[in-house]
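Heads up: the structure comes next, in structure tokens.
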Amino acid sequence: MKVAVAKETYPGERRVALVPAAIGPLRKAGLEVVVETSAGAAAGFSDDAYRAAGAQIVSREEAFAADCILTVRTAGANGDAWPADRDRLRAGAILVGMCDPLSAPQACREAADRGVTLFSLELVPRITRAQSMDVLSSQANIAGYRAVLMAATTLPRIFPMMTTAAGTITPAKVLVLGAGVAGLQAIATAKRLGGQVSAYDVRPAVKEQVQSLGAKFVELPLETGTSEAAGGYAKAMGEEFYARQRELLGKVVADSDVVVCTALIPGQKAPVLVTSEMVARMRPGSVIVDMAAERGGNCEGSVADDTVIRDGVTILGPTNLPAEVPFHTSQLYAKNVSTFLSHLLKLGLPEVTLDDEISRDTLVARGGTLVHPKVRERAGMPPLDSLATPGHQAPGS
Ligand code: NAD
């Protein structure tokens with residue numbers, strides 16, 4: 001079986017699906033690996049390094065002619081770059097990557113129409129045996145780190161406390177909203193930089209994790225008993241809850257020099273946690289990094305991929321932080337994708353089984369049909385119950 005690494009074409013995307021170190025194990029597993037010319041260049045991996053690892057360097061046409069194409073972004077996650085790729089895909093090809101299936105199901109439908117077998121890595125179930133394939137975690141972790149660095153270089157203050165002959169500097173107060181994978185790394189990074197860190201998450205289970213990093217958990221008198229869904233994700237809580245949360249968070253936000261927003265609900269618009277009125281109460285020069293900007297934002301007025309200044313507060317809305325540290329995010333992504341591929345090979349790829357949870361949950365399209373129940377629902381298509389996909393359950397359903 002020939003596996004290809006396609007060069008990413010999404011604007012600003014510098015990651016690559018496989019790094020040279022990941023080629024050897026795949027070749028040992030019996031795969032022939034081809035890599036599109038300069039696919040890894042933006043991440044710091046030369047064509048020579050791939051050649052030395054045993055891969056052949058090929059054109060884009062040759063890459064798309066392989067049996068299996070590995071990408072970082074494909075389908076809906078590839079924006080305007082998707083149609084050109086779609087038109088290169090041949091029926092029966094296996095396509096693996098992040099495809100934003102729940103927000104952009106139409107592109108998955110188009111992949112299905114091409115007869116492609118499409119696997120979406122965002123849908124890897126959050127179970128112990130799939131942890132090493134979990135791209136959301138590997139990428140969010142580094143994004144959380146990067147968000148804090150962005151805040152630190154934008155803030156007109158330094159993070160650590162310093163006692164100098166010229167006077168004492170008090171530490172920056174950093175508030176992290178949402179303490180999932182990205183949030184916990186943001187907390188750890190802000191602590192390493194010497195910030196005075198506090199954090200809030202709607203899932204009560206997170207309190208201990210926040211405290212174990214040496215940060216303060218912000219306690220809000222809110223009923224959060226039902227806030228956690230399957231897989232450790234947060235559930236949407238309803239507007240009344242969010243209104244109360246904003247009211248209670250107002251004082252903490254006003255007292256922060258930096259707010260890093262990471263709160264997300266899978267497949268939904270991000271909850272608004274910081275209103276314009278709350279921003280206006282912050283000290284001038286304060287910084288908000290809204291990591292949820294791509295999903296509508298946790299902070300009112302944040303603009304995706306732009307910087308706005310409101311009432312003296314700088315609000316950053318980065319949407320692709322992992323691409324800003326492409327060497328390491330690619331290294332981790334490559335481990336995720338090669339573990340995933342090895343897993344499917346053990347299950348008999350190119351045959352696809354639905355008896356395995358990882359294979360079943362990530363399979364979006366096969367044999368000309370959009371097969372994933374949740375993606376079908378998002379695409380406005382009826383369930384496939386009557387067809388041959390017994391036991392196919394949407395994640396979180
Ligand atoms: P995410 O990116 O969907 O959300 C980020 C955080 O925002 C979550 O912690 C969520 O609780 C929080 N949030 C949502 N609404 C909020 C609100 N109104 N106020 C404050 N916070 C809010 O989630 P994620 O970071 O990808 O993962 C969340 C959790 O899933 C992890 O912390 C972990 O417990 C679990 N997880 C499990 C596995 C596994 O078992 N293999 C893998 C990865 C993650």
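The values are calculated or read from the model by the stated rules, or taken from the named source; none is laboratory data. If you're wondering where the values come from, they're calculated on a predicted model, not measured in any experiment. For neighbour counting, all protein chains shown are included, and Cβ atoms are generated from backbone atoms with ideal geometry for every residue, glycine included. All accessible areas refer to the heavy atoms of the entire protein, side chains included, with ligands and DNA or RNA removed. Shrake-Rupley method; radii C 1.70, N 1.55, O 1.52, S 1.80 Å.
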- Item | Filtered residues of the stretch 337-360 (kept if assigned to a helix (DSSP H, G or I) and open to solvent by 10 Å² or more (accessible area, probe 1.4 Å)) | Ser338, Thr339, Ser342, His343, Leu345, Lys346, Glu357, Arg360
- Task: Restricting attention to strands (runs of 3 or more DSSP E) lying wholly within the stretch 207-319, give those where 1 or more residues are among the polar types (S, T, N, Q) and in contact with a Phe, Trp or Tyr (Cβ under 7 Å, 6 or more places away or on another chain).
- Result: none
- Residue among Gly396, Gly391, Gly317 that alone is in contact with a Gly (Cβ under 8 Å, 6 or more places away or on another chain), of a type in the set (Gly, Ala, Ser) and modelled with pLDDT under 95: Gly396
- Run Asp257 past the list (1) of a type in the set (D, E, K, R); (2) within 11 Å of the ligand (Cβ to nearest atom); (3) in contact (Cβ under 8 Å) with a residue 60 or more places away in the chain and report the number of the one that doesn't hold. (2)
- Looking at (1) more than 18 Å from Gly183 (Cα to Cα); (2) modelled with pLDDT of 85 or more; (3) more than 10 Å from the ligand (Cβ to nearest atom), can you tell me which one Gly225 breaks? (2)
- Message: Kindly evaluate Gln106 against the criterion of being away from the ligand (no atom under 15 Å from the Cβ) and over 22 Å from Asp356 (Cα atoms).
- Response: yes
- On the given criteria, is Gly231 within 11 Å of the ligand (Cβ to nearest atom) and at positive phi? yes
- Message: Here are the criteria: (1) open to solvent by 20 Å² or more (accessible area, probe 1.4 Å); (2) farther than 18 Å from Cys299 by Cα. Tell me which single one Ala188 does not satisfy.
- Response: (1)
- Where residues in the stretch 260-273 are touching a helix residue (DSSP H, G or I) at 6+ places or on another chain (Cβ under 7 Å) and without any contact (Cβ under 8 Å) to a residue 60 or more places away in the chain, which of them is surrounded by the most Cβ atoms within 10 Å (Cβ to Cβ)? Pro271
- Task: May I ask you to list the residues in the stretch 275-313 that are among the acidic types (Asp, Glu) and either under 26 Å from the mean Cα position of the chain (by Cα) or open to solvent by less than 20 Å² (accessible area, probe 1.4 Å) (or both)?
- Result: Asp290, Glu294, Glu300, Asp305, Asp306
- Given (1) surrounded by fewer than 22 Cβ atoms within 10 Å (Cβ to Cβ); (2) within 12 Å of the ligand (Cβ to nearest atom), Tyr200 misses just (1)
- Message: Restricting to the stretch 237-254, give me the number of residues that are more than 8 Å from the ligand (Cβ to nearest atom) and under 29 Å from Ile127 (Cα atoms).
- Response: 1
